[in-house]
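In what follows, a structure is listed as structure tokens, so that the remarks can point back to it.
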Amino acid sequence: MFRLWFVVFASFAMLSVAISCSSSSPDTSGATDAGTDAKVVDSGPDVDNGAPSTTYPAPHPDLPQLVNAAKGPVLTNPKIALVYFPCEADAGAASCDSDGGEAQLEAFAQKFASSSYWATTTSEYGVGPVTYAGAIPLTGEVAPKTATNIDLQNYVTSLLASGKLGVPDPQTIYTFIYPEGTVISETNPLSVLVGGFNSCSQFIGYHDNVSVAIGDAGAQNFPFAIIPTCSTAVSTLTEPMSHEWVEAATDPDPVAQSNGVFVASGGPNSAFFGVDGDHLVWTLPGGGEAGDLCENGGPAIDINPTDIGSTVQRTWSDLAAKANHDPCVPHVDGAYFAAAPVLTDDVSFTTTFTGSVKSKGIVVPVGASKTIEVDLFSDAATDGPITVDAQDLLYENYGKAGLANTMNLTWDRVSGLNGEKLHLTINVLSSSFLGGAHAFVIKAQIGSRYQLWPGLVVEQ
């Protein structure tokens, strides 16, 4: 939903104190202690490090599947409309017609609609071909200096009802480009405990929807996207536009709440909003929509297709993930590789926004350790070994705000090839203030390219 500049792992603030866990009987043979006086349980034989394999990819845990749990609609005849405010003296080049910014964005939208990118990223979810519906100047309107998401929901509703956006079309993604100087603030869509977001500091775009009664047709849902201008470089607008357009088409009714607050579980009519239950932790670093799931894919996530000529973001493909290839499309050259933790425990927990949820994770009591297997794999031969790192995500993101480190993560080895197995020992040092829930992420890297794979840890 949000195109973020920074990883936002606030989702664990949703976890209530009601957490229950179940797991198979632990295998304690061959266990090694990763912390002083820590009780150690083991998920498997530490001596089995596998071996490099020429079978690509080697066996590994499944990648997630983006699912339409609520059976909500997608856009079958999507259109894109660019909505501008009049050019102001202090507006940036990317949003001011006198400097050519609008013309560049309109040219981008036209090429985008006729490119192969759209079908590659959306057709598997039932979305139809996209067309460019033109630009809509908001004559007589002045962009605010500050606005909240609720303000913008009300504003879009009034524009649709008044006819200022033309004949309202529920298949059109109304894309509002706000000029430099406008600051859009939003409560954290995942938790109020870690404060809000500001445009250009924490996010560079989002999509939403409003329900508006037009004439005798009754209330209809209308998707829209908000794109703040954070730089005079047009690419800083086209990249979040591509992200939000894909998500608005695959999930045009994400929340449908009258109070304008985003929630992690989506609304009653949300479509491709999250992943299958076994992979819930994948939605926590930055969201669970098609663009969100690929945000942490490293430097290869943004591309410049020749038939578009501007920067766009690669987004999640269930078909590619199921085939064990890079789940982010369009395809880029080079082997896809990752380090996948083997999560053996069935865990269940209750969250404020989602209710009771069941997923895969690891049970580690406070003061105990558990060693898990991490499978290295690639879909083709790589240029060198895969190196790994593991981080306590809550500490990495909020340690500077005073959050203590609650886990110690140690490896038996830190590199290997397709088919080899590494082992990560997780020592829970202290209880998580987020209801006993912890999270880690494994970073697999070759050169400048890297992939992230998250994991969930809960206390008994």
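The values are calculated or read from the model by the stated rules, or taken from the named source; none is laboratory data. Fair warning: this is a prediction, and the values are worked out from it, not measured in the lab. Cβ atoms come from the backbone with ideal geometry, glycine included; neighbour counts cover every protein chain shown. Quick note on the areas: whole protein, heavy atoms, side chains included, nothing else; ligands and nucleic acids left out. Shrake-Rupley method; radii C 1.70, N 1.55, O 1.52, S 1.80 Å.
Worth a mention:
Yes/no per residue for (1) over 27 Å from P73 (Cβ atoms); (2) out of contact with any Lys or Arg (no Cβ under 7 Å at 6 or more places or on another chain):
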| position | (1), (2) |
| --- | --- |
| P144 | yes, yes |
| A147 | yes, yes |
| I150 | no, yes |
| Q153 | no, yes |
| P168 | no, yes |
| Q171 | no, no |
| S185 | yes, yes |
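- The residue that is farthest from E239 (Cα to Cα), among those in the range 297-331 that are among the charged types (D, E, K, R) and open to solvent by less than 50 Å² (accessible area, probe 1.4 Å), is D318.
- Subset of the range 417-460 (residues that are touching an Asp or Glu at 6+ places or on another chain (Cβ under 8 Å) and in a loop (DSSP other than H, G, I, E, B)): S431, S432, G436, G447
- Strands (runs of 3 or more DSSP E) wholly inside the range 125-183 that include at least 1 residues being touching a residue at least 24 places away in the same chain (Cβ under 8 Å), over 26 Å from N68 (Cβ atoms) and open to solvent by 50 Å² or more (accessible area, probe 1.4 Å): 131-137, 146-148
- Hey, G334 more than 21 Å from Y125 (Cα to Cα) and either open to solvent by 10 Å² or more (accessible area, probe 1.4 Å) or of a type in the set (K, R) (or both) or not: yes
- Segments classed as strands (runs of 3 or more DSSP E), wholly inside the range 285-387, with at least 3 members that are more than 30 Å from A51 (Cα to Cα): 345-351, 355-363
- Candidates V374, V357, V458, filtered to the one that is among the aliphatic types (A, V, I, L, M), open to solvent by less than 40 Å² (accessible area, probe 1.4 Å) and at pLDDT 95 or above: V374
- Taking the criterion of being touching a helix residue (DSSP H, G or I) at 6+ places or on another chain (Cβ under 8 Å), open to solvent by less than 30 Å² (accessible area, probe 1.4 Å) and of a type outside the set (S, T, Y), the residues of the range 210-240 that qualify are V210, V212, F222, P223, F224, A225, I226, I227, V234, L237.
- Matching residues in the range 64-94 - criterion: being modelled with pLDDT of 90 or more, open to solvent by 40 Å² or more (accessible area, probe 1.4 Å) and among the hydrophobic types (A, V, I, L, M, F, W, C): V67, A69, A70
- Cβ-Cβ under 6 Å pairs, at least 6 apart or on other chains, the range 425-441 side over 12 Å from I362 (Cα atoms), far side of a type in the set (K, R) and open to solvent by 10 Å² or more (accessible area, probe 1.4 Å): none
- Verdict on A113 being small (G, A, S), at pLDDT 95 or above and surrounded by 15 or more Cβ atoms within 10 Å (Cβ to Cβ): yes
- When restricted to residues that are open to solvent by less than 10 Å² (accessible area, probe 1.4 Å) and of a type in the set (S, T, N, Q), the range 377-396 contains 1.
Rundown of residues vs (1) surrounded by fewer than 17 Cβ atoms within 10 Å (Cβ to Cβ); (2) at pLDDT below 50; (3) within 30 Å of T306 (Cβ to Cβ), yes/no style:
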| position | (1), (2), (3) |
| --- | --- |
| S43 | no, yes, no |
| N49 | yes, no, no |
| D62 | yes, no, no |
| C96 | no, yes, yes |
